[in-house]
Amino acid sequence: MEPIWLAAGGAALAVGLVLAFAVNRRTSDSNASKRAHEAAQEREPPVELGETYEFGISEFTDHHSGDRVAVGKVEGFVLFTEDVPSSVSAGDVIRAKVLSFNRDHTSADARFVERA
């Protein structure tokens, strides 16, 4: 067999292995996310309606309303916080009042109170 065919076969095998690894990793990440969501549905939220909590902002998103909202966590529980001033950035610590839970109580909406 010619060396060029051996090299091509080796390259094709390497590409196949990389693709198989990537697909397996994506499936593994998806399964971990699903397990975390199911666990969140089974526990009581660590926050209460009407109470104010202090947490760091991990990112900003458009959430459901299309408006800019801050995303943060209290004991692993996700809070989507509205009315956050434009001067506040990801990584900043804020205080927000919990307004409502989503249907499955796996996250909550909150309103910005102040910077911490």
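The values are calculated or read from the model by the stated rules, or taken from the named source; none is laboratory data. In this text, all values refer to a predicted model and were calculated from it rather than measured experimentally. Neighbour counts are summed over all protein chains in view; Cβ atoms, including those assigned to glycine, are modelled from backbone coordinates with ideal geometry.
Quick look at the numbers
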| read-out | value |
| --- | --- |
| Conditions (1) under 18 Å from Arg43 (Cβ atoms); (2) free of Cβ contacts under 8 Å to residues at least 60 places away in the same chain; (3) of a type outside the set (Asp, Glu); number of the one not met by Ala108 | (2) |
| Single match in Ala40, Ala36, Ala11 (criterion: surrounded by 10 or more Cβ atoms within 10 Å (Cβ to Cβ), modelled with pLDDT under 80, in a helix (DSSP H, G or I) and more than 21 Å from the chain's Cα centre (by Cα)) | Ala11 |
| Which numbered condition Val88 misses (of (1) under 15 Å from Arg115 (Cα atoms); (2) without any contact (Cβ under 8 Å) to a residue 24 or more places away in the chain; (3) not polar (S, T, N, Q)) | (2) |
| Flag if Phe60 is assigned to a strand (DSSP E or B), closer than 15 Å to Val98 by Cβ and either out of contact with any Asp or Glu (no Cβ under 7 Å at 6 or more places or on another chain) or without any contact (Cβ under 8 Å) to a residue 40 or more places away in the chain (or both) | no |
| Gly66 vs. criteria surrounded by fewer than 13 Cβ atoms within 10 Å (Cβ to Cβ) and at pLDDT 95 or above | no |
| Any hit, the range 89-110, residues being of a type in the set (D, E, K, R), assigned to a loop (DSSP other than H, G, I, E, B) and under 26 Å from Arg35 (Cα atoms) | yes |
| Some residue of the range 89-107 being surrounded by 12 or more Cβ atoms within 10 Å (Cβ to Cβ) and in contact with a helix residue (DSSP H, G or I) (Cβ under 6 Å, 6 or more places away or on another chain) | yes |
